[in-house]
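Trainee: First the structure, which I've put down as structure tokens, then a few questions once you've had a look.
The values are calculated or read from the model by the stated rules, or taken from the named source; none is laboratory data. Computed from a predicted model, the values in this text were never measured in an experiment. Neighbour counts run over all protein chains shown; Cβ positions are idealised from the backbone, glycine included. Only protein heavy atoms, including side chains, enter the accessible area calculation; ligands, DNA and RNA are left aside. Shrake-Rupley method; radii C 1.70, N 1.55, O 1.52, S 1.80 Å.
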Amino acid sequence: MAAVETVVLKVAMSCEGCAGAVRRVLSKMEGVETFDIDLKEQKVTVKGNVKPEDVFQTVSKSGKRTSYWEGEATAPDAAAASGAEAAPGTAAEAPPAAAPAAPEITPAKADA
């Protein structure tokens, strides 16, 4: 698959440090030719010989809440937030992506 793909994500970044975390994971990702991080718009655009799912997972590893930029933001948000439960089609890929974002929530589950 030699086609150049453009992947646009909405990433929760509140400061330059957040953008730096995303920059670090993308700079290490294989197949990425260029990427642009717009802190104000909370928008990350990645171009290269990459799969959208792989870019999504890689950016999620930064620990930032990540969703696809498209108009159906609710569907990717649900998949990212609840992992395997809401997205059976991506169950094999969603848990590793969702795991880094979950630690803030897990203490509440432990008490329940």
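Trainee: Report the extension gain between LYS51 and GLU30 in nm, rounded to one decimal, defined as 0.36 nm multiplied by the number of residues separating them, less their alpha carbon distance.
Mentor: Result for the pair: 6.5 nm of gain on full extension.
Trainee: LYS43: which lysines have alpha carbons under 25 Å from its alpha carbon, excluding same-chain residues fewer than 8 sequence positions away?
Mentor: Answer for LYS43, where 25 Å is the Cα cut-off: LYS10, LYS28, LYS51, LYS61, LYS64, listed by chain and number.
Trainee: Let me ask you something else. Can you compute the modelled spin-label distance between LEU39 and ARG23, with each label point 7 Å from Cα toward Cβ, in nm?
Mentor: Calculated label separation equals 0.9 nm.
Trainee: Same structure, new question: Once R0 is set to 35 Å, what does the formula 1/(1 + (r/R0)^6) return for the Cβ-Cβ distance between GLU70 and CYS15, expressed as a FRET efficiency to the nearest 0.05?
Mentor: In this case the efficiency is close to 0.85.
Trainee: Rank LEU39, LEU26 by accessible area, highest first, at a 1.4 Å probe radius?
Mentor: Largest accessible area first, the residues go LEU39, LEU26.
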